[in-house]
Amino acid sequence: MPYVLFVIALALIIITANIDSYQDEIRITHNQTEQLKIETLLQMARTQFKDDIMNESETEGEMSYDLPYGHVLVEFMLLNDKQYLLYFTITTDNGAEHSIRNWLDINSE
């Protein structure tokens, strides 16, 4: 009888550990998906900003972009001839938020 209880306890421990591991993998996958969306939104907003700023002559301000995976607010300031300091505030469609400071040289890209 003690052997049966030991085997049952061991089986329950293994099953519980596997369930916890599986839940961790689900959280990791979700976070990686959000990270990929953030990177995609950054590149899309950066490209759109470059196109927009070439048609305008503003030296500082902000632009807002509603993109397929979320929303990006770009705050910008002209540093020198065609070089901008950019501050991206990115919000994905699932509510993840991230802020990135970057710069853009219009002539080199």
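The values are calculated or read from the model by the stated rules, or taken from the named source; none is laboratory data. Model, not experiment: these values are computed from the prediction. We place every Cβ from the backbone using ideal geometry, glycine too, and count neighbours over all the protein chains shown. We work out accessible area using only protein heavy atoms, side chains counted, and drop any ligands, DNA or RNA first. Shrake-Rupley method; radii C 1.70, N 1.55, O 1.52, S 1.80 Å.
Per-residue answers, yes or no, for (1) free of Cβ contacts under 8 Å to residues at least 12 places away in the same chain; (2) open to solvent by less than 80 Å² (accessible area, probe 1.4 Å):
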site	(1), (2)
16	yes, yes
49	no, yes
62	no, no
70	no, yes
78	no, yes
91	no, yes
99	no, yes
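Of the residues 37, 82, which single one is under 12 Å from residue 93 (Cα atoms) and surrounded by 13 or more Cβ atoms within 10 Å (Cβ to Cβ)?
Going through 37, 82 in turn, the sole match is 37.
Has the range 54-62 got any residue that is modelled with pLDDT of 95 or more, over 27 Å from the mean Cα position of the chain (by Cα) and either more than 24 Å from residue 89 (Cβ to Cβ) or of a type outside the set (A, V, I, L, M) (or both)?
No: the range 54-62 contains no residue that is modelled with pLDDT of 95 or more, over 27 Å from the mean Cα position of the chain (by Cα) and either more than 24 Å from residue 89 (Cβ to Cβ) or of a type outside the set (A, V, I, L, M) (or both).
Between a residue in the range 26-37 that is within 19 Å of residue 99 (Cα to Cα) and touching a residue at least 40 places away in the same chain (Cβ under 8 Å) and any residue that is among the hydrophobic types (A, V, I, L, M, F, W, C) and surrounded by 12 or more Cβ atoms within 10 Å (Cβ to Cβ), which pairs come within a Cβ distance under 9 Å, given they are 6 or more apart or on different chains?
The qualifying pairs are 34/96; 37/90; 37/96.
Quick one: is residue 22 under 27 Å from the mean Cα position of the chain (by Cα), among the aromatic types (Phe, Trp, Tyr) and either open to solvent by 80 Å² or more (accessible area, probe 1.4 Å) or over 22 Å from residue 92 (Cβ atoms) (or both)?
yes
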